[in-house]
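Participant: Below: one structure in structure tokens.
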Amino acid sequence: MKKKGVTVQSTLIILIILIISAALLFFILGGIPFQSTSSKEACRQSVLMRSRSILGTHPTQGFYPLNCETEKIEISTRNEEIIKRDIANTMYDCWSILGEGKLDFFSESEWRDIGFFGTSKARCVICARINFDKSLKSKPEEFDILRYFDETKVPDKNYTYMEYFSERAGTHLTPEVRVDELTKTDQDLAVVYMAVKGDNFGQMMKREGLIVGGLLFGGAGLSKVFTGSFGTLGKMFFRKTTTNIPTPTPSPNPGTAEVVEEMGEYYGFKEANVGVQTASSEASKTTLTKGAKASIWIGVAILATITAGQLYTLFSSTHAAAVHCEGDSNGCQAILLVPYNASVLSNTCEEIGSIP
């Protein structure tokens, strides 16, 4: 009977593991697009997968790739309205697919130049490359796309393109739309999503807390590995010393021999003689070892170095955000229409996450 009970218990454990594994696979694979899925939908699903949160964390950001391919759009017409419509719809699709500014699909390490603790950098996704026909480049057209955004409503919607791009409700960074006042067809254009995250004192303290906590936890763990117990570590840093402290015998007054005798017996004297100081008591004192004192100073130096590094990160990140976000040190996200050339894109983006 006992063997049968163990078998049933093992079966239940296996079933629970299978159920949990199936749930995790459904969570992960639920966002993987099938081959028949369009590139836009594949991008949308990858953004959603990287934005999913479990208990405040984003477990899929680390290994799930951003599957966004740069779309190629060819324009050969000279009809100004059609050109503006195609550009506006392309920018609308880009902003929509990437979450309208409401999804944080970049991991913390991706926001910075050297991982989790580095300086903030501008991350970009090139949603589309707009190629103009040679005839348009040789005899370029010129038009005001911003005015079109302000005056034209999105198809089947009750708001204009500009209102859509500028909506701040639910966004995690200030949204912006950046387009030159006049757009020309003399060169190809790129529709770019750009985002940069600034920094603040609270985030700096959070990072420093993680570093210090990790060092303390790691140090305690290593001490247990190398010394066998935390008690041994205590002996390395603390020592206990014992000293003898003499206790004087009170000098009696004449006629108080009985009192003196009782006091002598109480304090452990063999004889309660007047003026004799033979009793003593032990006192223990715990002090730091030289190694402990050196470790404290080393710890203070490490903490000061970490704080200095985090202050540098704070100031450099806020400066980087202000440069890319027109003075906003908290950061921003923007939908851009810029010339498609290496110089402009490198000045705008410090890292590009899309597929060319």
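Participant: Binning every alpha carbon pair distance of the range 135-191 at 5 Å from zero, what are the percents per bin?
Facilitator: Pairs per bin, as whole percents: 4, 16, 19, 20, 18, 12, 6, 3, 1.
Participant: Could you list which residues have their amide H under 5 Å from that of Gly331, counting only those 5 or more apart in sequence or on another chain, with H placed in the peptide plane?
Facilitator: Gly198
Participant: Then there is this: For the range 62-114, run through the chymotrypsin sites (Phe, Trp or Tyr not before Pro) and keep only the ones in DSSP coil with at most 10 other Cβ atoms within 10 Å of their Cβ.
Facilitator: Phe63
Participant: Once fully extended, how much extra length lies between Leu18 and Ser295, figured as 0.36 nm per residue of separation less the alpha-carbon to alpha-carbon distance?
Facilitator: Residue separation times 0.36 nm, minus the Cα-Cα distance, leaves 94.9 nm.
Participant: Count charges around Ile75 for me, please; just the other residues with Cβ under 15 Å from its Cβ, Lys/Arg as +1, Asp/Glu as -1.
Facilitator: -1
Where a number appears in this text, it was derived from the coordinates with a stated rule and is not lab data. This structure is a prediction, so every number in the text was calculated from the model and none was measured. Note that each Cβ is placed from the backbone with ideal geometry, even for glycine, and that neighbours are counted across all protein chains shown.
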